[in-house]
Amino acid sequence: MRDEHNLYALLNSRFPADEEAAAFELIDGSTVSYPQLDLIVSRYANALASLGLGPGDRITVQIEKSLANVYLYLAALKCGAVFNPLNTAYTPAEVDYYVSDARPRVIVCDPAAMDAIREIASAHEIDHVVTLDALGRGSMAELADAQSEAFATVPRAPDDLAALVYTSGTTGRSKGAMLSHGNLASNALTLHTLWAFEPGDILIHALPIFHVHGLYVALNTSFLNGSKIIWLPKFDAGTIIGLLPRATILMGVPTFYTRLLADPALDPQLCGTMRLFISGSAPLLAETHTQFEQRTGHRILERYGMTEAGMITSNPYDGERRAGTVGFALPDVDVRVAGDIGDPLPHGEIGILEIKGPNVFKGYWGMPEKTAEEFRGDGYFITGDMAVISEDGRVSIVGRGKDLIISGGFNIYPKEIEGELDELDGIDESAVVGVPHPDFGESVVAVVTGTSALDEQWIIGSLAQRLAKFKVPKRVFFVDELPRNTMGKVQKADLRSRYAETFTAGK
Ligand code: MCA
Ligand code: AMP
């Protein structure tokens, strides 16, 4: 049966029937049970269908984290539509690009953004803009409230698209990674088993849900387990410290763990019920791994993934979790390290990591040539991450073949920021690099040449009008000229070492 391949049908088949089984617990103690969740999702699915959203249609969503946001995600699956989540930090200029590329049938935005989004929608002839705020109020919720609680899950094949998640590329604009029902289902099922989910598990959810980590990895594995999810609007170390004694699993980016370590209350007793701390999206410093074990008795399980493939490797649940490595390829995923032309390299040699498996996406939306460039002839996807694989199969990510900065788990492409800098009056040339940051892991620094009248705060303020806050350089430095090699290429390694201590001096 085709509908068995709709991811919602799979998740729903694992929802406990017990009226008391909580799917979500909010910070005020209120809960939503699994049977309630299923009924609400049907109402949202009817609401989306009433807007004309059907199989294959995109729905672009830029709203605050809320339960209504989850209802929307599940309802889009149930309708067979393609969910396109956007970072809430994106500015209207950024959203305009995504809408022009994704061409959604429906856009859901925060009520405060309605005017700006309406303008974008009308420029791209998008029929429906509806709203949802952080408390789940807005025209979308009102529409859903008026609907029936019956909706037959739309049949889907494994290769049918479930999501379009944008990820910046090494060149050009962001690309929409097409993720299918089969991609998401296989990864969720694999992780559910690999991380040994068990009855009674309780997840603390503090990640944003516009990325694969918070949306698919955290939610889908918990749904498959019929687990309770303690739902937080965002990460706050103090709140998590208060919740740890009632939970069993936390998934986070490395910044979560450095911030938790800064709280003196973190100790083994506090973590008495905890079974698993998982880290990913950015490299976890071996130092953080060691300190966390010393303070709590728990060895963080580090895993590695990317938007195009969900999770790819993981340290073992049983067995040694080795600091500084991202573990073994998932059971159904093949990994290899290759040279520039795809020539496989032996164990122990550094090269680009290439991957193949049921989790690997269907290509970049509307970009068949770009997609073809990123795959080898034998079907391996070129991740752009530099890695080494040991004799026993452990993968270590040792660098990036792509010019990418990861700040607090968010990806930032220097080229995009350099493009905006170069547009500013008085700037001749610019180079953007990532340097170590004690909280975000890496942080953005810009180095520019231009007129002597340039002012750091003016540059930062100007960029903030165009770019999401997390991409805006935290410091701007002025130089007479950028260091270049004999080929004229900017020496970014030189700049990274020159400004390496910008945020860590004296730490
Ligand atoms: C917020 N700011 C940031 C970041 N987050 N700046 C740089 N990098 C960031 N990540 C800005 C804010 O706008 C604010 O600016 C200032 O920095 C400080 O904000 P603060 O309140 O400290 O930040 P926060 O709200 O506590 O957020 C930090 C955070 C958050 C908790 C680390 O960024 C976060 O939840 N990151 C997780 C990202 C994630 O889920 N990544 C997964 C994608 P101002 O003070 O000027 O207003 S990767 C993925 O999905 C793949 C598949 C994978 O492998 O997982
Ligand atoms: P995204 O495009 O947001 O999905 O980010 C994916 C990228 O994050 C990967 O290509 C890696 O560069 C990086 N990444 C994810 N997990 C890890 C990890 N555990 N260690 C190092 N880098 C990671």
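Structure above, values below:
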item	result
Hydrodynamic radius of the range 316-469 per Kirkwood, over alpha carbon pairs, in Å	18.3
Convex hull projection area averaged over all views, the chain, Cα basis, nm²	24.3
Anchor LYS65: lysines whose Cα lies under 26 Å away (excluding residues fewer than 8 positions away in-chain)	LYS78, LYS175, LYS228, LYS234, LYS469, LYS471, LYS474
Charged-residue dipole, Cβ positions (Lys, Arg, Asp, Glu), the range 298-455 about Cα centre, Debye nearest 20	840
The range 199-269: trypsin sites (Lys or Arg not before Pro) falling in loop per DSSP and having at most 12 other Cβ within 10 Å	LYS234
Whole-Hz couplings from phi, Karplus 6.51/-1.76/1.60, listed for the range 375-384; x for Gly and Pro	10, 7, x, 8, x, 6, 8, 8, 6, x
Cβ crowding within 10 Å averaged over residues, with 117-129, 352-364 ranked highest first	352-364, 117-129
Residues of the range 233-257 with amide N under 16 Å of the 7 Å Cα→Cβ point at ASP267	241-242, 244-245
Net charge, GLU481 excluded, C-beta distance under 14 Å - Lys, Arg +1, Asp, Glu -1	-1
Cβ-based charge dipole, the chain, positive-most Cα from VAL106, PRO331, MET487	PRO331
Residue among PHE375, ALA75, LEU224 farthest towards the positive dipole end of the chain, charges placed on Cβ	LEU224
Antiparallel bridges, percent of DSSP beta bridges restricted to the range 231-359 (to nearest 5)	65
Rounded Å value of the spacing that divides the Cα centres of the range 126-163 and the range 415-483	39
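Values quoted throughout were computed directly from the atomic coordinates according to the rules given, and no laboratory measurement underlies them. These numbers were taken from a predicted model, which means no experiment stands behind them. Cβ: placed from backbone, ideal geometry, glycine included. Neighbour counts: every protein chain shown.
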